[in-house]
Amino acid sequence: MKVFFLYLENVLFVYSMDYRELRFSRAMAFAIDEINNSTDLLPGVALGYKIHDSCASTPMAVQVAFQFTNAPPLYNNSKVCSQSGRVLAVIGDSGSTQTISISRIIGPFDIPQVSYFATCACLSDKTQYPTFFRTVPSDQFQAEALAKLVKHFGWTWIGAVRSRTDYGNNGMASFLRAAHKQGICVEYSETINRYDPQSKIQQVAEVIRRSTAKVVVAFAGSGDMWVLLEELTLHPSLPRQWIGSEAWVTHLEVQRFNICAGAIGFAIPQSNIPGFREFLLDLSPAKVADSNVLSEFWEGAFNCLLEKSAGSVDRVCDGTENIQKLKNPFTDTSQLRITNMVYKAVYAIAHAIHYLVCKKINSKIQCDQFMKIEPIQVLDQLKRVNFSRNGYHVSFDGNGDPVAFYELINWQINENGGLEFVTVGHYDESLSPGQKFNIKTVCLCVNQVPVSVCSDSCPPGTRKVLQKGKPVCCYDCVPCAEGEISNSTDSSDCSPCPNEFWPNAEKNFCRPKLVEFLSFHEILGIILSAFSIAGACLTIITAIVLFKHRFTPVVKANNSELSFLLLFSLTLCFLCSLTFIGRPSDWSCMLRHTAFGITFVLCISCVLGKTIVVLMAFKATIPGSNVAKWFGLTQQRMTVVSFTFVQVLICIVWLVLKPPYSNRNLTIYKEIIILECALGSALGFWAVLGYIGLLAVFCFVLAVLARKLPDNFNEAKLITFSMLIFCAVWITFIPAYISSPGKFTVAVEVFAILASSFGLIICIFFPKCFIILFRPEKNTKKHLMGKK
């Protein structure tokens, strides 16, 4: 018969017995009885055990640890074990702090320790706790699962409460690290202990009441939560959404607090242990009398004494007490969670011993009942344990941890108005990252998902700017700068749009920039086109009138050939303005500038020729002058052709070296693309304009000189006025052209062309047409000569 020592905590809960912990100890006893009666596991070998109560106290746990490392012979069913009672393994403790203390003491002795409820992630460190194993998952997994749960509901502003123990401190530290990665901020982080003075409990409760965070994550033991919730119940505040750790989220003593309605948290999975309920209820006054713990439980549960003591007035148990009707955490087997972890821990150690002392010979298991084994051998075999019991798998990884699997528990109100634990999801660490967390419909504290954020989400089109001195979850929403967008909620930065795109009004996406050019379809383009066509038609009508009356003195006296050539060039000038309207292309850009330059030089050349003719005509009347023969019809034509040829040559050089081209201007307007004709060579453009200006000034000077020549109808006066208008328009054009943005640059240029063209035709030809059409009596040679 082999023996190992089994240690289990039986903690006092708020100065009374914790019936759940008592159930854990009975689960250990039940498992050992099963093993001792098994023909498959350790047949013929009886396991012994002894239970100690650490009372959730670290000093008590340390004292007990020293005791069982030098323990006297152990007893099992009142029979002395075959060996001296050397401790081979330890199960426990429930609390992480006590477990850590025990592990540091028994570790140097190579005594394996298997805990069923010590979840502190720190215990996975094999350099500090080389002999530690557990059947409950590490808090590292639970912390990550809790962070994902909070993130799932969109909560970024939470409060944190933890037990002032290794369990609470390490668990909350792991959670906060995981929460930080998920972008979750903590408004406050408070610690609590069941033994704190009432003032400290009240202080923590007041922090929770005054907080703006509507979600509270509690990484605390059940006893600590009990005293905190008791205080919060005295002065209830706005409903809080509680997120619980496995230590309290399924504890029946905590379940009675209705302020936790809607609470959610991860818990150890429910399980079923066949025969365990019957074992629990198989108690009677006679059976419990041999155990101080069971006697205390019996007397407390039924409010009677097993034995009458002197002077006592309490009722004596008379045997009518029926444990079958007892309703408390000890007899509640509806949700065996941690209890199953105890059960698995016992079987894990039993399998480790089985691998050492038993062999299968001829299909029969035989065990060496007298084989001496050491704790280090059990420790080595525990690392290899891999079995299933009642459908539950048991194995340990390199850190002594099992595969993490949690149920997501939701506190829902049942038909009777009470709270019940409802499984609404699960977390399985063995699955792929996208499948680990699964959640169904959850009933929260206010029957809808509460909003718990420090700052409302920033809509698309804005970016977050952190508030000075506050966590990253507290921020202001600032609109994106000009030319930038953000197309997601809570964007930390805005992105600039590509060059040919611009933000919409909401600044949440980039739309193509509006393309702008002087179009035939807009009002300005239509007006300019109408004036251009009207001008061309007016010029043609004028030419028709003059042609029909070409033999009259008014027409003949003013050099009809140059007049018709001038009218032709003015028609081209009016039509030339149409090339400036419409979508620019490389060809249209070259056409508009060269056509404009050549037609205007042709026009001014004709006006210049007419001016010279006037001067020459009057010089020819001076006796002895032979000027007329030097400026006859041939010379007039050569003058026009020569002046025009110079402009043609300038345009050819411009087009060959660096011609105008269509350009998408992105700089004038940030939100608009201006389709324009780039000059190519600015020198070429200003050379064309300069040449036109030079001819115009020369023509103006000559017209001024001839304006006082004697004649009843002196055309030089008309040319002077037309050149005055022409020069004024183009002098004004230069600053207007330079300062006008976008399509208005083109509009200014078209306006200058039309204005100067209208100036020429009105000043030079309207007086003639008026005499021809409305004053025919003046259209005589005598009148023109000033004779009556």
statement: Over all pairs of different Cα atoms in region 140-220, the reciprocal of the mean inverse distance gives a Kirkwood radius in Å of 12.8
task: For E777 paired with L694, estimate the spin-label separation in nm (one decimal), with each label point 7 Å from Cα along the Cα-to-Cβ line.
output: 5.0
- prompt: Which of the peptides 513-523, 762-772 is most tightly packed, and how do the rest follow, judged by the mean count of other Cβ atoms within 10 Å per residue?
  reply: 762-772, 513-523
field: Dipole moment magnitude, nearest 20 debye, the chain about Cα centre, only Lys, Arg, Asp, Glu C-beta charged
entry: 6040
task: Multiply the residue separation of N665 and S334 by 0.36 nm, subtract the distance between their alpha-carbon atoms, and state the gained length in nm to one decimal.
output: 111.4 nm
- request: State log₁₀ I(q)/I(0) for region 95-191 at q = 0.17, 0.21, 0.25 Å⁻¹ as given by the Debye formula over alpha-carbon point scatterers of equal weight, solvent excluded.
  value: -0.74, -0.97, -1.21
- request: Apply 1/(1 + (r/R0)^6) to the Cβ-Cβ distance of S739 and F645, taking R0 = 25 Å, and write down the FRET efficiency to the nearest 0.05.
  value: 0.15
- line: What the Cα atoms of region 217-263 span along the principal axes, largest first and in whole Å, is 25, 18, 16
- prompt: Relative contact order for the chain: what is it in percent, counting Cα pairs under 8 Å that are at least 6 residues apart?
  reply: 9
Computed FRET value (nearest 0.05) for R177 with W686, which takes r as the C-beta separation and R₀ as 56 Å: 0.20
statement: The summed charge of the F405 Cβ neighbourhood (under 9 Å; Lys/Arg +1, Asp/Glu -1) stands at -3
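Over the residues of region 435-478, compute the C-alpha Rg and express it relative to 2.2 N^0.38 Å.
Ratio of Rg to 2.2 N^0.38 Å for region 435-478: 1.63.
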- line: Counted neighbours (other Cβ, 10 Å), sorted fewest up, put S457, S577, S529 in the order S457, S529, S577
query: In the P(r) worked out for the chain, what percent of Cα pairs fall beyond 47 Å?
result: 53
- line: Within the under-9-Å Cβ sphere about D314, not counting D314, Lys/Arg +1 and Asp/Glu -1 give a net charge of +1
- line: For D493, D401, ascending order of other Cβ atoms within 10 Å (fewest first) is D493, D401
- prompt: Which semi-axes, in whole Å and largest first, does the equivalent ellipsoid of region 462-512 have when worked out from the alpha carbon gyration tensor as the square roots of 5 times its eigenvalues?
  reply: 25, 8, 8
field: region 646-702 - Debye-derived log10 I(q)/I(0), Cα point model, q = 0.21, 0.26, 0.29 Å⁻¹
entry: -0.80, -0.96, -1.06
message: Sorting check: for 89-98, 106-115, 219-228, which peptide has the highest mean count of neighbouring beta carbons within 10 Å, and how do the rest follow?
response: 89-98, 219-228, 106-115
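Based on the Cβ-Cβ distance of D476 and N499, what FRET efficiency does E = 1/(1 + (r/R0)^6) give at R0 = 30 Å, to the nearest 0.05?
That pair, D476 with N499, gives E of 0.50.
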- prompt: Which distance in nm do the two modelled labels at I439 and R511 give, with both placed 7 Å along the Cα-to-Cβ direction?
  reply: 3.8
Crossing angle, helix 586-620 versus the chain [Cα axis fit, 0-90 degrees, rounded to tens]: 20
message: Using all alpha carbons of region 267-310, what is the percent of pairwise distances in each 5 Å bin, ordered from the shortest bin to the longest?
response: 5, 18, 23, 18, 12, 12, 8, 3, 2, 1
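Report the net charge of residues surrounding K344, where surrounding means a beta-carbon distance below 14 angstrom and charges are Lys +1, Arg +1, Asp -1, Glu -1.
Computed value for this residue: +1.
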- prompt: Taking a spot 7 Å from the Cα of L524 along the direction of its beta carbon, which residues of region 738-754 have an amide N less than 14 Å from it?
  reply: 738-752
message: As I understand it, the value is the acute angle between the Cα axis of helix 338-357 and the longest principal axis of the Cα atoms of the chain; what does it come to in degrees, rounded to 10?
response: 70
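Computed from the coordinates by the stated procedures, all read-outs in this text should not be read as laboratory data. What you are looking at is a predicted structure, and each value in this text was computed from that prediction instead of being measured. Heads up, the Cβs are rebuilt from the backbone with ideal geometry, glycines too, and the neighbour counts pull from every protein chain shown.
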